[in-house]
Each structure stands twice: as C-alpha cells, then as structure tokens.
1. Kindly provide the set of residues from the stretch 119-134 that are within 11 Å of THR160 (Cβ to Cβ) and not acidic (Asp, Glu), ordered by number.
2. May I ask you to list the residues in the stretch 121-157 that are touching a helix residue (DSSP H, G or I) at 6+ places or on another chain (Cβ under 7 Å) and among the hydrophobic types (A, V, I, L, M, F, W, C)?
3. Which count do you get for residues in the stretch 72-102 that are over 23 Å from GLU181 (Cβ atoms) and not hydroxyl-bearing (Ser, Thr, Tyr)?
4. In the stretch 70-105, how many are surrounded by fewer than 21 Cβ atoms within 10 Å (Cβ to Cβ) and either under 27 Å from GLU22 (Cα atoms) or of a type outside the set (A, V, I, L, M) (or both)?
5. Could you check ALA243 against (1) at pLDDT 95 or above; (2) touching a helix residue (DSSP H, G or I) at 6+ places or on another chain (Cβ under 9 Å); (3) not charged (D, E, K, R) and say which number it fails?
6. Cβ-Cβ distance below 9 Å, separation of 6 or more or different chains: which pairs start in the stretch 66-80 with a residue that is in the same structural domain as SER97 (by TED's automatic domain parsing) and without any contact (Cβ under 8 Å) to a residue 12 or more places away in the chain and end on one that is among the aliphatic types (A, V, I, L, M) and assigned to a helix (DSSP H, G or I)?
7. Could you go through the stretch 167-186 and let me know if any residue there is of a type in the set (D, E, K, R), touching a Pro at 6+ places or on another chain (Cβ under 9 Å), closer than 18 Å to ILE17 by Cα and modelled with pLDDT of 95 or more.
8. Residues that are in contact (Cβ under 8 Å) with a residue 12 or more places away in the chain and within 27 Å of LEU59 (Cβ to Cβ), at least 2 per element: which strands (runs of 3 or more DSSP E) completely within the stretch 133-243 meet that?
Amino acid sequence: MLGAELHPIALTDIRAILLDIEGTTTPLAFVQQVLFPYARARTRDFLRQHRDDPAIAQLRVERAAETGAGAPAWDATRDLDSAEAYVYWLMDRDRKSTGLKALQGRIWEAGYRAGELKGKGEIYPDVRPAMARWHQQGKTIAIFSSGSVQAQRNLFASTTAGDLSPLLSGYFDTTTGPKREAASYRKIAAALGVAPSAVLFVSDVAAELDAARAAGMRTALCVRGSDDSPTDHPRVHSFDELA
C-alpha cells in the first residue's frame, strides 16, 4: 500500500527538503521538448555574441579530459567552432557537463529576459501548495539539479504557478559535486546548516537517492506516473503525500 510506504518519511523530524527538478518538480517533457531545443537553436549565435563567456573555457577543459569515444576534436585556432561542435555532441548524449549546463543556463536567462520563456516554467500542480506548506512550517527548501544554479533560479522565478523563489533557500548544481556521489549531499547539508539526517531528498532517480542516503539523508522516490520497479526508497506520487 502506498500509504504504508509513506510512514517512514513523516516530516516532523525533517528540517530541510532538497528537491530534484526533472521528473520531480517539473515534467521531463518541458525540459526535453521546450528548454533543450530552445538552447540548441540559439547555441551558435550565443557563442559568437559572447566570445569571452567562461562556459567556453570550461568546455575546453572538459574536452581535454574527455574519455567518450567519438568526441569532436578541439582546434585551438577555432575555439568557437570547436565549442559549438562539442556542445552539440554533449547535448546528443544528454551529458551532465558543467560547461554545457552553464551555457544552457545563460541562453535560457536571455530567453526569460526577452520574454520568450517568461511564465513558461512548467511545474506539477502539487508543487507550489506543498512548498508553501513546508515554508509555513519553517522548513528550509532547496534545489539540487544538474542544471546550473542560474537556470534553476530562472525556472522557479517564472513558473506557470508564479514566482516560487521566495519559498526557496538554496540552489545547488554540479559545481557542488555529482548527483550520484554521497560527498555532494554532505556538502549540501553543511551549506544548509543542518545535519544530513534532518534532510529529506526527493528525486525520481534511485541512484541519486542511494547517494543521498549514503550521506545520511532521508529519501523519497518521486514517481510521476506508473513505475513498479523494485526500490527500497519510499515512493510518493505527489508532494501532497509528504505532509
């Protein structure tokens, strides 16, 4: 029974709630069918209009350390062309590259400023009421996503349910560390000023939850839809169930 699975994650002992984005607060379809194509279509122009953007230097460093087969070569005499080719290669593989995510975040920020993405940040209907409830209860709410902190801020400041940024106290991305390593979650708990045992991490990816639990956090697997895959993490289908 779903209800029975919820008992271990009663929020009375939880001081901070850490949330994933894709598949947890926000439909995968919005990210994959709206945000990603938007950034891809504007990558070339953005790189040429922002030749000194630090994301380019980050991408150069990442390419030098790249071990994936078939990655395009980087020609130091053609930095922008090389960066563009590598970005598309990373996008095609949905790689969680810090340089790529920083670049996408800057492109999306320009889109929000231009009004092309404003108010379009899709979230599930249960997200805002739950955040408001937790905030009223004095709980700290933070985000941990592979998308850049900048992209996270823009998304939650301009959602289909309005500006959620007043409800959020922290944003973390891969500059903190990989989402599948326990050390990342220890750093986040320290940054939030709470013990890992007082943090609940909610994600749709079991491997991320494994890492959070190894760091001492409580966990909940967010299942938006039907998924009966075996897991030892408590499941929730809606934030309404985290009461």
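The values are calculated or read from the model by the stated rules, or taken from the named source; none is laboratory data. Bear in mind that the values here come from a model prediction, so they are computed numbers and not experimental data. Here the Cβ positions follow ideal geometry from the backbone for every residue, glycine too, while neighbour counts run over all protein chains shown.
1. GLY119, LYS120, GLY121, ILE123, TYR124, PRO125, VAL127, ARG128
2. Answer for the stretch 121-157, where residues must be touching a helix residue (DSSP H, G or I) at 6+ places or on another chain (Cβ under 7 Å) and among the hydrophobic types (A, V, I, L, M, F, W, C): VAL127, ALA130, MET131, ALA132, ILE141, ALA142, ILE143, PHE144, ALA151, PHE156, ALA157.
3. As a first pass, look at the stretch 72-102 and keep what is over 23 Å from GLU181 (Cβ atoms): 72-89, 91-92.
Now narrow it down to the ones that are not hydroxyl-bearing (Ser, Thr, Tyr): 72-76, 78-81, 83-85, 87, 89, 91-92.
Total meeting the criteria: 16.
4. As a first pass, look at the stretch 70-105 and keep what is surrounded by fewer than 21 Cβ atoms within 10 Å (Cβ to Cβ): 70-82, 84-85, 88-89, 91-96, 98.
Retained after the next criterion (residues that are either under 27 Å from GLU22 (Cα atoms) or of a type outside the set (A, V, I, L, M) (or both)): 70-72, 74-75, 77-79, 81-82, 84-85, 88-89, 91-96, 98.
Here the count works out to 21.
5. (1)
6. ALA73/ALA85
7. Yes; the residues of the stretch 167-186 include at least one that is of a type in the set (D, E, K, R), touching a Pro at 6+ places or on another chain (Cβ under 9 Å), closer than 18 Å to ILE17 by Cα and modelled with pLDDT of 95 or more.
8. Values: elements: 140-144, 170-172, 199-203, 218-222.
Correct list: 140-144, 170-172.
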